[in-house]
Amino acid sequence: MIKKVAILANGGDVSGFNAVIRAIVKSAEKHDIECYGFIEGYRGLLKNEYIKLSTSQNSRACGILPKGGSIIGSSTNANVFNYKVEENGEIVYKDLSDKCVQNVKDDGFDCLFILGGDGTQKSARDLSLKGLKVIGVPKTIDNDVACTDITFGYNTAVSVATEALDRLHTTGETHHRIMVLEVMGRYAGWIALESGIAGGADIALIPEIPYDINKAVEKINRRKELGKNFSIVVVAEGAKPKDGEISVAEVRDNGKGVDNTKLGGAGEKVTKELQKLTGMEARCTVLGYTQRGGTPTSFDRVLSTKYGAKAMELAIEGKFNVLTVLKDGKLDCVSLEDVVGENKEIGAVSGNTKESNIRKVTMDDDLIKTARSIGICLGD
């Protein structure tokens, strides 16, 4: 019998975190199950810092459905299998995962709900191998978690990007400029592609299709011939030219098992090249963290609630070490082993490996077909 559970939110914040937390807590309360939340993700799990969660009046989880971010915080670059510590004035990395497992057992938690993306779920799988009963919920604005059709947080990010494109249209048309919008999407171009379609972009450059800048120039020139003296371009931060590399702003040292590359500059690179090759003025807008924050869309509120309720249902049924997913419009679950794929090494968290199972845009996806059908240039 499940009597006491804990929630952990990890990775970059997204709109919908709180909606999932609320759904888990409300479902727990319906079955007289105590619910707690670890503070700041895996870091809180390691430090054993947690709080009681309740939806009663004036309590921590009351009124959080429309609120962005996470009421229990979240951590990035906290790989408990290779955790950064200071010893005798030197920085060393240690596997502290056993302490996390012991904390959960000492606290008496029957199940740990882990909200996060591919790296977070990789650690969830690794902790399950050490004896923890875990249930994952797929979070990321990049929409790249394997085995599910959509992650919570993604729809809100697309909506923000679409509104930005709508606003750039008026400026571009007024001043006869090329307006470039850089959106998030490290290794998967879902945001750029879907917002490009929704926002009427003329060109969409995504990580899955290394671009030829001359193809984009041809598209812009054809529009000029038709009397359209402006163009809208959306660029994923992980987009790269043919025979080129992704644009990296900084390489950090946060140890093995996390992605130490901080991307930046893809949009500005495209902007400068297009201005030089077309002779038109071009401007770049980097949307950045506005895609992550703020009120979730109604779609994300419902999706997050469905995921949270399903996660508690799985716990009550005794189905652990799985990820809640949405497949063909129906809620289900898959083994965390399926989510991890060939990324089997314990503690190697990052999705940026050849063994990783992250969900990328495929060339037979309906979004690709739709974009091509309506004349959006994908740079190839």
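So for region 136-147 (the condition being outside the structural domain of S247 (by TED's automatic domain parsing), surrounded by fewer than 24 Cβ atoms within 10 Å (Cβ to Cβ), over 22 Å from K269 (Cβ atoms) and touching a Gly at 6+ places or on another chain (Cβ under 8 Å)), does at least one residue qualify?
Here is the first cut: in region 136-147, the ones outside the structural domain of S247 (by TED's automatic domain parsing) are 136-147.
Cutting the leftovers down to surrounded by fewer than 24 Cβ atoms within 10 Å (Cβ to Cβ) gives us 146-147.
Filter once more, so that each one left must be over 22 Å from K269 (Cβ atoms): 146-147.
Narrowing further to those that are touching a Gly at 6+ places or on another chain (Cβ under 8 Å): 146.
Yes, some residue in region 136-147 is outside the structural domain of S247 (by TED's automatic domain parsing), surrounded by fewer than 24 Cβ atoms within 10 Å (Cβ to Cβ), over 22 Å from K269 (Cβ atoms) and touching a Gly at 6+ places or on another chain (Cβ under 8 Å).
G318 meets the stated requirement of being at pLDDT 95 or above, in the same structural domain as S123 (by TED's automatic domain parsing) and surrounded by fewer than 20 Cβ atoms within 10 Å (Cβ to Cβ). S75 meets each of the listed conditions (1) modelled with pLDDT under 95; (2) of a type outside the set (F, W, Y); (3) assigned to a strand (DSSP E or B) apart from (3). Is it the case, given these coordinates, that L331 is surrounded by 13 or more Cβ atoms within 10 Å (Cβ to Cβ), on the phi < 0 side of the Ramachandran plot and without any contact (Cβ under 8 Å) to a residue 60 or more places away in the chain? The answer is yes for L331.
The number of residues in region 118-135 being in a loop (DSSP other than H, G, I, E, B) and within 20 Å of the chain's Cα centre (by Cα) comes to 0. For region 234-257, state whether one or more residues are over 23 Å from the mean Cα position of the chain (by Cα), buried (at least 16 other Cβ atoms within 10 Å of the Cβ) and not in a helix (DSSP H, G or I). Within region 234-257, one or more residues are over 23 Å from the mean Cα position of the chain (by Cα), buried (at least 16 other Cβ atoms within 10 Å of the Cβ) and not in a helix (DSSP H, G or I).
Residue count for region 85-102 satisfying the condition of being in contact with a helix residue (DSSP H, G or I) (Cβ under 8 Å, 6 or more places away or on another chain) and of a type in the set (S, T, N, Q): 1. Remark: pairs (first residue in region 174-195, in contact (Cβ under 8 Å) with a residue 24 or more places away in the chain; second residue among the polar types (S, T, N, Q) and part of a loop (DSSP other than H, G, I, E, B); Cβ separation under 6 Å; 6+ apart in sequence or on different chains) = H176/N229; W190/N143. Of the helices (runs of 4 or more DSSP H) that lie entirely inside region 272-380, those containing 3 or more residues that are over 26 Å from T261 (Cβ atoms) span 298-317, 366-373.
Among the residues of region 212-227, at least one is assigned to a helix (DSSP H, G or I), small (G, A, S) and more than 21 Å from the chain's Cα centre (by Cα). For region 173-196, the criterion of being in contact with a helix residue (DSSP H, G or I) (Cβ under 6 Å, 6 or more places away or on another chain), surrounded by fewer than 21 Cβ atoms within 10 Å (Cβ to Cβ) and basic (K, R) is met by none of the residues.
Kindly establish whether G293 is within 30 Å of E182 (Cα to Cα), at pLDDT below 95 and out of contact with any Ser or Thr (no Cβ under 9 Å at 6 or more places or on another chain).
So G293 fails the test.
Filtering region 52-111 to residues that are touching a strand residue (DSSP E or B) at 6+ places or on another chain (Cβ under 9 Å), in contact (Cβ under 8 Å) with a residue 60 or more places away in the chain and farther than 30 Å from T261 by Cβ leaves V104, D107, G108, F109, D110, C111. Which of the residues that make up region 12-68 are in a helix (DSSP H, G or I) and among the aromatic types (F, W, Y)? Selection gives F17, Y42.
The values are calculated or read from the model by the stated rules, or taken from the named source; none is laboratory data. Since the structure is predicted, the reported quantities are computational estimates derived from the model, not experimental observations. Note that each Cβ is placed from the backbone with ideal geometry, even for glycine, and that neighbours are counted across all protein chains shown.
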